[in-house]
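One structure is given below, encoded as structure tokens.
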Amino acid sequence: MYQRLVVILGCLGPGVLMGCGSAAEEQPRRPGATVSRASLSDEGPPPRECGEDGVCDDGETPEKCPLDCDAPDPFCGDGRCDGSESHQTCPLDCAASVPFCGDGLCDGAESHQVCPVDCDAPTPGVCGNDGVCDEGESHETCPLDCDGPA
């Protein structure tokens, strides 16, 4: 056991004694002293863009400093289509979308026959005048919607 311990310590000794760098490079420190970030490089700590103190100072924006600056409430005309805005309620922020079945609007070539999700069923006896011959419409009652006999 004693011989193994001597061998292990003997092998560790040269590696421990070699160390990393010379003793002349080390600067003495007081016991309990800490190394500051500034002393780790010649440049010092990088400048902080945000104070992170809850105050939106000059140069700080909600995008760069969300901990300091609150984002403004969305409003029509802020350049973003968000919240409850749509093309109908705020065309300044929201571009017109291509109509599609399921968008909640009965427009374009939609009718109750092709898109019942968006378009209500026509009232019997009333023409939609949308160029589509809906259920309950005929050429006699709705000539704008239904073609005549061939």
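The values are calculated or read from the model by the stated rules, or taken from the named source; none is laboratory data. Because the structure is a prediction, the values reported are computed rather than measured. Neighbour counts run over all protein chains shown; Cβ positions are idealised from the backbone, glycine included.
Values for this structure:
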| item | result |
| --- | --- |
| Qualifying residue in segment 98-117 (condition: surrounded by 13 or more Cβ atoms within 10 Å (Cβ to Cβ), farther than 29 Å from N129 by Cα and at pLDDT 80 or above) | no |
| Residue check for G83: farther than 30 Å from D118 by Cβ, at pLDDT below 80 and surrounded by 11 or more Cβ atoms within 10 Å (Cβ to Cβ) | no |
| Residues that are charged (D, E, K, R) and at pLDDT 85 or above, drawn from segment 22-62 | E52, D53, D57, D58, E60 |
| Condition check for G125: exposed (fewer than 14 other Cβ atoms within 10 Å of the Cβ) and at pLDDT 80 or above | no |
